[in-house]
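Below is one structure, written out as structure tokens, with a few remarks after it.
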Amino acid sequence: MTYAATQVYAPTPSVPGELKVIQDATCTFCGCVCDDIELTVKDDHIIEAKRACVLGKAWFLNHSIEDRPSCMVDGKPATLEQGYDRAAEILTHGKYPIVYGLSDSPCEAQRVAVSIVDWIKGTIDTTTSVCHGPSGMAFQGVGEVTCSLGEVANRGDLIMFWGSNPAESHPRHFTKYSLMPKGMFLPNGRKDRTCVLVDVRKTKSAKAADIFIQIKPKRDFEALWTLRALAKGIELDPDLVQRETGVEFSVWTDLMDRMKACKFGVIFFGMGLTMTRGKHANSEAILALTRDMNEHTRFVAKPNRGHGNVTGADNVVSWRTGYPFGVNHSRGYPRFNPGEYTTSDTLANREADCGMTIACDPMANFSQPAREHLASIPFIALDTKETPTTRVAAVAFTVATYGINTGGTVYRMDDVPIPLRPAFPSPHPSDYDVLTEIEKRVKKILGVTHV
Amino acid sequence: MLETFILIPGRTTDQGCGVSEGKFKAKYQTAVNSLQVAPGDMERLGLSEGDRVRLTGEEGQSVEVCITAAKKEELPEGLLFIAYGDISSQLMTGDTHGSGMPTSKGMEVTMELLQKATS
Amino acid sequence: MTSSDYIKISQGLVYDPLHGIDGEVRDIWILDGRIIDPPTDLAIRPSRTIDASGLVVMPGGIDMHCHIAGPKVNVARKMRPEEKRRGEQMPRTDITHSGSLGSVPSTFATGYKYAAMGYTTAFDAAIPPLGARHAHEEFEDTPCIDKGFYVLMGNNHYVMQSLMKKEPQKLKAFIGWLLASTKGFAPKLVNPGGVEVWKSKRAGNVSGLDTLVDHFDVTPRQIIKGVAQAAAELGLPHPVHIHCNNLGMPGNWETTLETMRALEGHRGHITHIQFHSYGGGAGDENTFNSKAIQLAEYVNANPNITIDVGQVLFGETTSMTGDGPLGYFLSKVYGGKWFSSDTEMESGCGITPIKYRNKSLVHSLQWAIGLEWYLLVKDPWRVVMSTDHPNGGSFLAYPQIIRFLMDRTYRRDILKTCPPEILQRSSLWDIDREYTLSEIAIITRAGPAKILGLKNKGHLGAGADADITIYTPHENKEIMFEMPRVVIKSGRIIVEQGEIRETLIGKTLHVQPNYDQAVESDIQEWFEKYYSIRWRNYPVDLSYLVESCVIPTL
């Protein structure tokens, strides 16, 4: 079946030599998913991306038509049909197939990937598992008090960043959402806000902050629980707090006073919490702290999601399977277990025996044991460019770039769904095209007649 | 006895732009192969810009990388910083402690000089 | 299917309340997905005949208030992995996807389970406009049923601003524009004004219809009346759909009465009214009691009002609501995990696990009050079965509710397991009335179709969508309604004896009222000031609805 939304806003072919302008284009490099980009297109290049940040400009200006075969099998150019056939063969012959990635694919393609995993009784996992997966686990434990980004712009008068460096990971975060906007209830913009940055090093984001708190590395958990205790009026030993967190007790009490006194507090948090000692216990502490603060005032938390459509991946996998990531279908139905079905584990524990990576690069970003195992099993890779992962894939598809060549739907970090407005067509197939063809063949091999 | 440092891998602007330019091109490769050391630590240990060091993790995983001085004030002494990439990945172990997330920040490593930079 | 493919359902006991057919033996003919009059040309032979002798034939069920798709439903799915590990699993087959169940089933599971139970249409009760695109995407993955959704408007800034400025023409145009942009079905008010107050202050809420909402200086009463009037002037097939202020609070029956009065004679639908029917002192659970009699009296006397019940069933479930402050309140009552999200300019939501215990006086009263409602409203065309799935319980509990309504011994047996005090607080024990099958057909099919303005559903006359459910009669009505013998959707046999035989996507039903498009420039100016996405990226293109049908205005 065709997901109709892929046809929405399909790119118009460029007239050679003429400039074309696309308004309200959506940048999908980071979780900000700015949809106010004005693209100037000449032939098959974007030559200008107005309002895009440095990462967005690099994204738009560096994705044209990749001069690579659309399909390589065992390192040699092949036809797409050969690639689809081989891919379906790989996926249906393993005992423990894994599908990983998806965070830079539109929802329409993600849905097909989940279908394939269902038919082959495989395991699906997204880059969430090595990003805010721990935050997802924490949310399953304590919940989350949050809001959309426009609400931050309209009401947030105390903006905290914990373990997050938006200046380099989400460069328009401050201007578009969290610090600069003149909000409905904050007519003076930046002047109506206080910004607090907590991190183990003084990142470039510190310039934007009014208060910078440098904590001891790997002690975020203790620092957050210090704040939790202060929020609940529990007495603490100031020396112990200083030793454990590396920060004077008075700094924490001052911060808590500000947190209690604000009208609408917001904490953005990032990999500084999820990737270090504590992981989901850190995320849980910050989510519980936020919840507790609602006894004093309005307070929300937001994970800064890294990729353009990782939030879409969470949503798609959740609505189809009931679970957000790390979902196994070996028994024919979905089961969830981070640490067992997540890809860092299925690879490092040498359990996966075949797979497919979509819009991700585990050969660059995963641990050595995981990478060694991935390189030893047959898998299919879909990517817009050549990467360490495509180089070792049995079947590598060069795909068109979402948001630049192909349309579809993506979800911003606050779960707001936004359509893509692509700039120019590409001869390469899209993720959606490739996965649809693979699904057809998988169904045929397995005798699946679902329409 | 070698001193222990805490390694913080992270996103940088160059690494982010480099991903879009292509991971085999210069911008990305330079960004992910360059270990930032606090100037105070460099001075104390007699290290200079461009020296090649070996980092060894708690489980013996080790990697060689060239160093560069962090901007003053940005990196506390005792910490090392590098952009996410192959080097940082090599220092991650396979254990995710049941969370799905390998320890990707705050790894304890020892650092030893392998080769002085040729001037 | 070619146009010569006639299907005949032969000799069933037909219940078609709209046409006054009450258990008569009749044939039903289907062609091209629609019910037709039996062909006069006797040479025409059906290509398939379903022998329905001795079987009950009804239109397909319609759930007009449930939470099955969109942002908050999906958060609830993610939030409750622990519910899904044990109990029934849903493995994939060669024709169906796998899914997960619990109180918030995954999308495919939702579609299959509704269909297996004989339901062919469902409406999600509360979608924030900013999340409309998400709801449509999930709908596309919710097979076998037709669907639509109501659009949250009761805390919308433009709505409140137009009321404050006394610009009803702008309000009317806005509602028309919003329904067209979201491809939604009807205006929904959830704790009108209350969620805006929640956003602006700690534990904020409104206490009654005449509380002023911060910043906008309008009252819930003005919101209710204004939207009700606008909906009527737009000719919307379904009127303003209202989740009253003060849900769950002892003494809130007066708020509900005031809400119905605030409609000033305009059509209005009061949803999950069970949760809004409580007497007692404010905050004083010891005086909690049922005011269903008093409220039902008003409903009986005022034909502009329709209700759905919001039945509570004992057991564990998940509360999910656009009523942000309610979510906060419930999380403190139950002490469980709590999700809350405020959507800019539009709405809020709250989610927390809850549990109804028959040993709790309050919970058993809630259960009893729901049943009182069905039994006290005289006109079955104006009372609809719902559990506000999953808030009161799962939609899968509808067969059990049917049994309660048709078997007073069963409901009295359950009453005996509740705290004895309940007999002083609720009149349920004394009610002898038992529903007939025809009345069940009304409150689960014919009635909701009429209230929703769906002329081609809820009946078995010529022109109706061929959405038909065939039941094997059984003395135990729960068993009878749990597993239909055959379910037909759009003229195709999709379920037989609980097993899916065929799947299809189902249509999305939406409205396209005429509205004054000149107001759009004013809406755009307002939008571009404070929304965080672009004006052009807000409306949902029709291509997101793979199959759709515009329901005409009145």
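Structure notes:
- Flag if B:Asp95 is modelled with pLDDT of 95 or more and crowded, with 16+ Cβ neighbours inside 10 Å: no
- Remark: B:Thr4 falls outside the filter, which requires a residue to be of a type outside the set (Asp, Glu) and facing another protein chain (nearest Cβ under 8 Å).
- Hits in the range C:74-102 - residues which are farther than 16 Å from C:Pro143 by Cβ, of a type in the set (S, T, N, Q) and buried (at least 24 other Cβ atoms within 10 Å of the Cβ): C:Asn74
- From the list A:Tyr84, A:Tyr100, A:Tyr9, the one residue that fits, being surrounded by 17 or more Cβ atoms within 10 Å (Cβ to Cβ), away from chain B (no Cβ under 14 Å) and not in a loop (DSSP other than H, G, I, E, B), is A:Tyr84.
- For the range A:45-81, filtered to residues that are within 14 Å of chain B (Cβ to nearest Cβ) and assigned to a strand (DSSP E or B), the residue that is farthest from A:Phe174 (Cα to Cα) is A:His45.
- Residues of the range C:466-492 satisfying the condition of being under 22 Å from C:Gly148 (Cα atoms) and of a type outside the set (D, E, K, R): C:Ala466, C:Ile468, C:Thr469, C:Val487, C:Ile488, C:Ser490, C:Gly491
- Annotation for the range C:209-228: no member residue is buried (at least 19 other Cβ atoms within 10 Å of the Cβ), closer than 20 Å to C:Leu330 by Cβ and of a type in the set (A, V, I, L, M).
- Leading residue by the ranking (surrounded by the fewest Cβ atoms within 10 Å (Cβ to Cβ)) among those in the range C:263-312 that are touching a Phe, Trp or Tyr at 6+ places or on another chain (Cβ under 8 Å) and among the small types (Gly, Ala, Ser): C:Gly279
- Scan the range B:44-98 for residues that are assigned to a loop (DSSP other than H, G, I, E, B), among the polar types (S, T, N, Q) and at the interface with another protein chain (Cβ under 8 Å from one of its Cβ atoms) and the total you get is 3.
- Members of the range C:508-554 that are within 30 Å of A:His173 (Cβ to Cβ), assigned to a loop (DSSP other than H, G, I, E, B) and polar (S, T, N, Q): C:Ser532
- Taken over the range C:190-217, residues that are in a loop (DSSP other than H, G, I, E, B), among the hydrophobic types (A, V, I, L, M, F, W, C) and within 13 Å of another protein chain (Cβ to nearest Cβ) amount to 2.
- Set A:Ala113, A:Ala153: member being in a helix (DSSP H, G or I), within 14 Å of chain C (Cβ to nearest Cβ) and in contact with a Phe, Trp or Tyr (Cβ under 6 Å, 6 or more places away or on another chain): A:Ala153
- Residue count, the range A:164-200 (criterion: within 14 Å of chain B (Cβ to nearest Cβ) and farther than 26 Å from A:Lys216 by Cα): 1
- Residue satisfying condition, being surrounded by fewer than 17 Cβ atoms within 10 Å (Cβ to Cβ) and without any contact (Cβ under 8 Å) to a residue 24 or more places away in the chain, within set C:Gln512, C:Gln497, C:Gln517: C:Gln497
- Residues of the range C:31-63 that turn out to be more than 29 Å from the chain's Cα centre (by Cα) and of a type in the set (A, V, I, L, M), as a count: 6
- Condition met for A:Asp192 (on the phi < 0 side of the Ramachandran plot, touching a helix residue (DSSP H, G or I) at 6+ places or on another chain (Cβ under 7 Å), surrounded by fewer than 22 Cβ atoms within 10 Å (Cβ to Cβ) and not assigned by TED's automatic domain parsing to the domain that holds A:Tyr323): no
- For C:Pro46, the stated conditions do not hold, so it cannot be described as crowded, with 17+ Cβ neighbours inside 10 Å, within 14 Å of chain A (Cβ to nearest Cβ), in contact with a strand residue (DSSP E or B) (Cβ under 8 Å, 6 or more places away or on another chain) and over 30 Å from C:Phe185 (Cβ atoms).
- Elements of type helices (runs of 4 or more DSSP H) contained in the range C:280-377, each with 3 or more residues being over 27 Å from C:Ile451 (Cβ atoms): C:324-334, C:361-376
- The listed residue being among the β-branched types (Val, Ile, Thr) and within 17 Å of B:Leu2 (Cα to Cα), out of B:Thr93, B:Thr110, B:Thr103, B:Thr118: B:Thr110
Let's see how each residue does on (1) touching a residue at least 40 places away in the same chain (Cβ under 8 Å); (2) outside any helix (DSSP H, G or I):
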{"site": "A:Val251", "(1), (2)": "no, no"}
{"site": "A:Asp254", "(1), (2)": "no, no"}
{"site": "A:Arg258", "(1), (2)": "yes, no"}
{"site": "A:Val266", "(1), (2)": "yes, yes"}
{"site": "A:Leu273", "(1), (2)": "yes, no"}
{"site": "A:Arg277", "(1), (2)": "yes, yes"}
{"site": "A:Ala281", "(1), (2)": "yes, no"}
{"site": "A:Ile286", "(1), (2)": "yes, no"}
{"site": "A:Arg291", "(1), (2)": "yes, no"}
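- Top-ranked residue in the range A:353-369 [being hydrophobic (A, V, I, L, M, F, W, C) and surrounded by 24 or more Cβ atoms within 10 Å (Cβ to Cβ); ranked as nearest to the other protein chains (Cβ to nearest Cβ)]: A:Phe366
- Index of the failed condition, A:Val54 passing every other in (1) more than 24 Å from the chain's Cα centre (by Cα); (2) within 30 Å of A:Phe268 (Cβ to Cβ); (3) surrounded by fewer than 16 Cβ atoms within 10 Å (Cβ to Cβ): (1)
- Filtered residues of the range A:15-40 (kept if among the aliphatic types (A, V, I, L, M), crowded, with 24+ Cβ neighbours inside 10 Å and more than 10 Å from chain C (Cβ to nearest Cβ)): A:Leu39
The values are calculated or read from the model by the stated rules, or taken from the named source; none is laboratory data. In this text the structure is predicted, and so the values were computed from the model without any measurement. In this analysis, Cβ positions are derived from the backbone assuming ideal geometry, glycine residues included, and neighbour counts consider all displayed protein chains.
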